[in-house]
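This report refers to the structure that appears directly beneath it.
The values are calculated or read from the model by the stated rules, or taken from the named source; none is laboratory data. Predicted model only: the values in this text are computed from it and were never measured. Virtual Cβ from ideal backbone geometry, glycine too; neighbours counted across all protein chains shown.
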Amino acid sequence: MSTGPKNVKTHLFMNSFDQPARKYLTPEEIKALLEAAKNGTTRNPERDYCILVLLYHHGLRVSELCNLRLSDIDLNANTLYVRHQKSGTGSRTHPSVHPLYKSDLAAIRTWLKVRQAMQLDHPFLFSSERRARLCRASVWRMVGMVGEAAGLGQLKVHPHSLRHACGYTLINKDVPIRTVQSFLGHKSIQTTVRYTELAPNRFDKLYS
């Protein structure tokens with residue numbers, strides 16, 4: 001069975017006995033992943049660290065990440081313009097504006113310095129070594145490589161792992177589920193509800 005991007009839900013989220021496998025990364029695993037990226041696991045550490053930070057903090061789909069433009073980043077207002085591409089909506093996008101946090105801004109500014117030196121002639125935030133817009137397959141390869149370097153090879157880390165980790169983290173911070181739905185760009189609330197099933201603190205106050 002192929003393990004490419006089209007099979008995320010069927011292969012990477014199930015184990016060999018067809019039982020549900022863990023779909024997200026824990027905060028400790030995210031920390032290890034980011035450290036591995038920052039320590040030069042790949043040939044483009046500034047770019048790849050920035051990618052991982054944005055994938056995790058903003059729960060971006062790979063296509064949303066690759067389609068980010070320089071004009072989508074406002075470093076004065078500290079905002080990120082995201083074009084959510086919800087499944088079943090064709091080419092229509094559902095934009096939202098996310099706040100950029102301190103660690104986002106630091107990673108973006110560091111990457112922009114490198115990007116500026118490349119003197120690129122396209123408007124996209126992220127670029128390949130061939131000076132073209134970064135493609136989905138390259139992001140998949142990079143995330144898998146960094147996951148291996150971080151000692152997370154058994155989890156088969158992929159970009160959607162970070163999106164799930166984002167949802168998991170927000171739910172565990174008691175962010176309202178409708179807010180999480182909007183933040184992640186889910187078409188159906190039922191997709192967002194699945195994150196509540198993973199929250200270890202959801203039963204904490206039953207008898208308080």
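Assorted remarks:
- Members of the range 1-56 found to be modelled with pLDDT of 50 or more and among the basic types (Lys, Arg), listed by number: Arg22, Lys23, Lys31, Lys38, Arg43, Arg47
- Test: residue in the range 86-109 that is in contact with an Asp or Glu (Cβ under 8 Å, 6 or more places away or on another chain) and not hydrophobic (A, V, I, L, M, F, W, C): no
- Residue list for the range 48-87, filter: part of a helix (DSSP H, G or I) and more than 14 Å from the chain's Cα centre (by Cα): Leu70, Ser71, Asp72
- Each residue in the range 120-154 was checked for being acidic (Asp, Glu) and surrounded by 18 or more Cβ atoms within 10 Å (Cβ to Cβ), and 0 of them qualify.
- Enumeration of residues in the range 78-93 that are at pLDDT below 80 and either touching a Gly at 6+ places or on another chain (Cβ under 8 Å) or hydrophobic (A, V, I, L, M, F, W, C) (or both): Gln85, Lys86
- Long-range neighbours under 7 Å by Cβ, at least six apart or interchain, first residue of a type in the set (Gly, Ala, Ser) and surrounded by 12 or more Cβ atoms within 10 Å (Cβ to Cβ) within the range 89-117, second modelled with pLDDT under 95 and part of a helix (DSSP H, G or I): Ser96/Ser182
- Scan of the range 23-49 for residues that are loosely packed, with under 14 Cβ neighbours inside 10 Å and under 16 Å from Leu155 (Cβ atoms), ordered by number: Thr26, Pro27, Glu28, Lys31
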